[in-house]
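The values are calculated or read from the model by the stated rules, or taken from the named source; none is laboratory data. Keep in mind that what you see is a predicted model, and the values were worked out from it rather than measured. Here the Cβ positions follow ideal geometry from the backbone for every residue, glycine too, while neighbour counts run over all protein chains shown. For accessibility, only protein heavy atoms count, side chains too; no ligands or nucleic acids. Shrake-Rupley method; radii C 1.70, N 1.55, O 1.52, S 1.80 Å.
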Amino acid sequence: MSIDYSEKIPNNVDLAGDRSLQRALEHWQPRFVEWWRTMGPSDFAEADVYLRTAVGVDAAGWASYGQVRMPDYRWGIFLADAKPGRTIGFGDDYGKPAWQQVPGEYRSQLRRLIVTQGDTEPASVEQQRLLGHTCPSLYDLRNLFQINVEEGRHLWAMVYLLHAYFGRDGREEAESLLERHSGDPDKPRILGTFNEPVTDWLSFFMFTYFTDRDGKYQLKSLAESAFDPLARTTQFMLTEEAHHMFVGETGLSRVIKRTLEVMTELATDESSAVRDAGAVDLPTFQRYLNFWFSSSLDLFGSEISSNAASSFATGLKGRPDESQYDEHRCVDSMFSLAAPVQDGSVKIQDVPMRNAMNEVLRTSYVRDCELGLKRWNRQLERSGSALRLALPSSRFNRTIGVWSGVSCDLTGNIISADEFARKKDEWLPSGEDRVFVKSLMQRVVEPARMAGWIAPPERGINSLPIDYQYVRL
Ligand code: BYC
């Protein structure tokens, strides 16, 4: 079904054919708009932004581009096309027909997954709401806003499922999604990372590289769900999500590129000299990376999780690209897991595969994160620098799971809490790092200019030149 833009809520789910659902969503819509006004990007409501909007759900030509004011963006409900005869791809009901309705016995667990997913979307908009004021260029400003409006749409995607399939409970959860706020001490967002402030652009690029990539893995595993409307919704969200990770990866590459230019000009890799020249020194870059990577690892949940086992068994949540695996029930298989024991040593234990599903996802995620590191290290190598960037061990700085509260160094050795406290400022952004990074964040809005701490992108958006006026202020 094509997307109907003449509707108040654009959609391809025949909303007009279900009056009570349409009314319920039209009731939620002004609350969303009010939330966007108060918690979304601060102060740019009047700007024309060169945004893409979804116009179809197939790979060919799914989006159109144009100048739009953000409050006028057409947030809508778009599901990937149904695959007739789709069957469940994993778990106890492997091979049976996918569900078009929620089986009663799985209702609360499925609602919890949808709410957790939905909660992250507005959270990220809230986290980034002040960034527009310190944008390094109009190109970057536009990318920030593109991501923000799409995260808003991803909230719509989850709210549609809550309203359409979970009755009154779902409607209440949809309200709560606008009532919790990132970093709010009384009503925080559900997952840790989404309460961390993102108040500088280095953090923003780290977030879109590492945290949006968690989004990719979680969405991919939900795209396998036996609950077909969830699978179809998340499939389409993934299409939009790819750009968010592109912004993170290229953003970080551009920061490194500029740093290397400065290091070459000055013929030194001394942090203080690089900082004095207005670029991000690589040790600071590494500390930001250590923080956002370790925080994003927590988003996968505990290594050993009965929730994860049950979500897999029941067919609610699979593994990304489930078809790549030979075996889809995972009843007898085991997963070898290294976990700390009381005496301070590390033991390998065999855990039933279903209980280790969070760790299976986390392992694939870490491999994916490494690809960026390889590319950035090639940049360093080509420029003749001996410095290298690295992902810290996945035991480092964890607050969820078996490594939570265990002090580890960057390579994963267990150390004393005192030693961790002594080394913390070498490994994670210190107060001084944050002050320095903040000092670089000066707003640049002339079309052909870039802030001094970041190199220009290689190309513009949608074949436009880099100096195109992507945002008309
Ligand atoms: N912080 O058995 P456990 C994205 C909770 S990002 C705080 O360990 P389980 C995006 C957990 O909720 C993707 N709490 O793991 C990116 C549970 O609480 P309840 C978001 C945490 O249940 C950028 C309890 O601990 N999508 O889309 O398997 C911009 C025990 O849980 C954390 C999803 O996450 C944490 N880090 O949970 C915009 C997919 N980790 O239920 C968007 C949906 C765990 O006992 N969520 N807890 O109160 C899930 O699949 C699962 O809920 C989790 C793992 C992956 C979070």
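Checking the structure you have, find out if any residue of region 273-286 is within 11 Å of the ligand (Cβ to nearest atom), open to solvent by 10 Å² or more (accessible area, probe 1.4 Å) and modelled with pLDDT of 95 or more.
So far as region 273-286 goes, no, none of its residues is within 11 Å of the ligand (Cβ to nearest atom), open to solvent by 10 Å² or more (accessible area, probe 1.4 Å) and modelled with pLDDT of 95 or more.
Of all residues in region 83-95, which are open to solvent by 60 Å² or more (accessible area, probe 1.4 Å) and not charged (D, E, K, R)? Please lay out each step first, then the result.
Residues of region 83-95 that are open to solvent by 60 Å² or more (accessible area, probe 1.4 Å), as a first pass: 83-85, 87, 92, 94.
Hits for region 83-95 are Pro84, Gly85, Thr87, Tyr94.
Are any residues in region 37-90 free of Cβ contacts under 8 Å to residues at least 60 places away in the same chain and β-branched (Val, Ile, Thr), and if so, which ones?
Correct list: Thr38, Thr53, Val55, Val68, Thr87.
With the structure loaded, tell me whether Glu105 is more than 24 Å from the chain's Cα centre (by Cα), away from the ligand (no atom under 16 Å from the Cβ), closer than 25 Å to Leu162 by Cβ and not aromatic (Phe, Trp, Tyr) or whether it fails that test.
Yes; evaluated as a whole, the condition is true for this residue.
Please go through region 367-388 and pick out each residue that is of a type in the set (A, V, I, L, M, F, W, C) and open to solvent by less than 20 Å² (accessible area, probe 1.4 Å).
Of everything in region 367-388, those that are of a type in the set (A, V, I, L, M, F, W, C) and open to solvent by less than 20 Å² (accessible area, probe 1.4 Å) turn out to be Cys369, Leu373, Trp376, Leu380.
List the pairs whose first member sits in region 238-262 and is among the polar types (S, T, N, Q), whose second member is crowded, with 22+ Cβ neighbours inside 10 Å, and whose Cβ atoms are under 6 Å apart, counting only residues at least 6 apart or on separate chains?
Every condition considered, the pairs that remain are Thr259/Ala279; Thr259/Val280.
Would you be able to tell me the number of residues in region 25-60 that are open to solvent by less than 20 Å² (accessible area, probe 1.4 Å) and part of a helix (DSSP H, G or I)?
Result for region 25-60: 5.
Looking at region 356-387 only, could you name the residues that are in contact with a Leu (Cβ under 7 Å, 6 or more places away or on another chain), away from the ligand (no atom under 16 Å from the Cβ) and among the aliphatic types (A, V, I, L, M)?
Leu373, Leu380, Leu387
Looking only at region 208-224, count every residue that is aliphatic (A, V, I, L, M) and more than 8 Å from the ligand (Cβ to nearest atom) and tell me the total.
Pass one, region 208-224, residues aliphatic (A, V, I, L, M): 219, 222-223.
Right, trim to more than 8 Å from the ligand (Cβ to nearest atom) and you get 223.
Looking only at that region, the number is 1.
Is it the case that some residue within region 225-234 is within 14 Å of the ligand (Cβ to nearest atom) and open to solvent by 10 Å² or more (accessible area, probe 1.4 Å)?
No - not one qualifying residue is present in region 225-234.
Yes/no matrix, rows are residues, columns are (1) assigned to a loop (DSSP other than H, G, I, E, B); (2) open to solvent by 30 Å² or more (accessible area, probe 1.4 Å); (3) not small (Gly, Ala, Ser):
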| site | (1), (2), (3) |
| --- | --- |
| Leu316 | yes, no, yes |
| Gln342 | yes, yes, yes |
| Asp350 | no, yes, yes |
| Leu391 | yes, yes, yes |
| Thr399 | yes, yes, yes |
